[in-house]
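Worksheet: the structure to be examined is printed underneath.
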Amino acid sequence: DGIRGLAVALVIASHCGAFHLRGQGAVGVFLFFCLSAFLLTLPFCDNATTSARLRHYAWRRIRRILPIYYGVIVLSYLLSESAGFTYLWKHFLFVRADTIFWTIPQEMLFYLLLPLLAQAHSRLFRNNAALTAAAFLCFAALCHGLLDESVFSLNGNGKQLRFHLGIFTTGMAFAYAY
């Protein structure tokens, strides 16, 4: 909770220009991405990825994210004079991420990839958490160095946005190390 609080404080301070932190909100978002990946990966660390566990994971993500996200998107659509129907359906399908919504496609894509990554690594490095953590750190470094907008990008704020898989997989490495 302390790390979440720090991440939120950084984002708010950046948006408000407090403490000369204008433009530093991404640090808070990246902290949140890493922490989120850490917490979501912990249940997968025991290498017992059953279909029941995957269903539970998927249902919790859907139940937690979609209702409020879709509600806010519909509300912003209804209150906007310039947002057309394209705005609505592109946000609903996570192919567009304007303004404050830029993190949502990042998170949704990671939520889809996490069980696949966890299963792949549990099969490759059975019951060896240290080796799995090291492999995720290496994978995170590769993603951070090689996975830029020219390789894979998400549409947001009128430009192509980098998918921050390296930050998410760093959180996964911390979970396996823990």
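The values are calculated or read from the model by the stated rules, or taken from the named source; none is laboratory data. Keep in mind that this is a model prediction, so the values were computed, not measured. Ideal geometry is used to build each Cβ from the backbone, glycine not excepted, and the neighbour counts take in all protein chains shown. All accessible areas refer to the heavy atoms of the entire protein, side chains included, with ligands and DNA or RNA removed. Shrake-Rupley method; radii C 1.70, N 1.55, O 1.52, S 1.80 Å.
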So the helices (runs of 4 or more DSSP H) completely within segment 90-178 holding 2 or more residues that are of a type in the set (S, T, Y) and either under 19 Å from L31 (Cβ atoms) or within 13 Å of the chain's Cα centre (by Cα) (or both) are 103-124, 165-177
Does any residue of segment 81-89 turn out to be in a helix (DSSP H, G or I) and under 20 Å from the mean Cα position of the chain (by Cα)?
no
From the list S36, S14, S76, S51, pick out the single residue that is at pLDDT below 85, of a type in the set (S, T, Y) and under 30 Å from A130 (Cα atoms).
S51
Could you please give the count of residues in segment 135-155 that are crowded, with 20+ Cβ neighbours inside 10 Å and under 24 Å from W102 (Cα atoms)?
3
Being touching a residue at least 24 places away in the same chain (Cβ under 8 Å) and either among the aliphatic types (A, V, I, L, M) or open to solvent by less than 70 Å² (accessible area, probe 1.4 Å) (or both) is the filter here, so list the residues in segment 122-134 that pass it.
S122, A129, A130, T132, A133, A134
May I ask you to list the residues in segment 40-65 that are in a helix (DSSP H, G or I) and surrounded by 13 or more Cβ atoms within 10 Å (Cβ to Cβ)?
L40, T41, L42, P43, F44, R53, L54, Y57, A58, R61, I65
Cβ-Cβ under 6 Å pairs, at least 6 apart or on other chains, segment 1-21 side in contact (Cβ under 8 Å) with a residue 40 or more places away in the chain, far side among the aliphatic types (A, V, I, L, M) and open to solvent by 30 Å² or more (accessible area, probe 1.4 Å):
none
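Restricting segment 79-109 to residues that are in contact with a Leu (Cβ under 7 Å, 6 or more places away or on another chain) and open to solvent by less than 50 Å² (accessible area, probe 1.4 Å), which is nearest to L39 (Cα to Cα)? Lay out the reasoning, then the answer.
The first filter runs over segment 79-109 and keeps only residues in contact with a Leu (Cβ under 7 Å, 6 or more places away or on another chain), leaving 97, 102, 105-106.
Imposing the further condition that a residue be open to solvent by less than 50 Å² (accessible area, probe 1.4 Å) reduces the set to 97, 105-106.
Details: A97: 24, P105: 19, Q106: 16 Å.
Taking the candidates together, the pick is Q106.
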When you scan segment 4-34, how many residues do you find that are open to solvent by 30 Å² or more (accessible area, probe 1.4 Å) and within 16 Å of the chain's Cα centre (by Cα)?
8
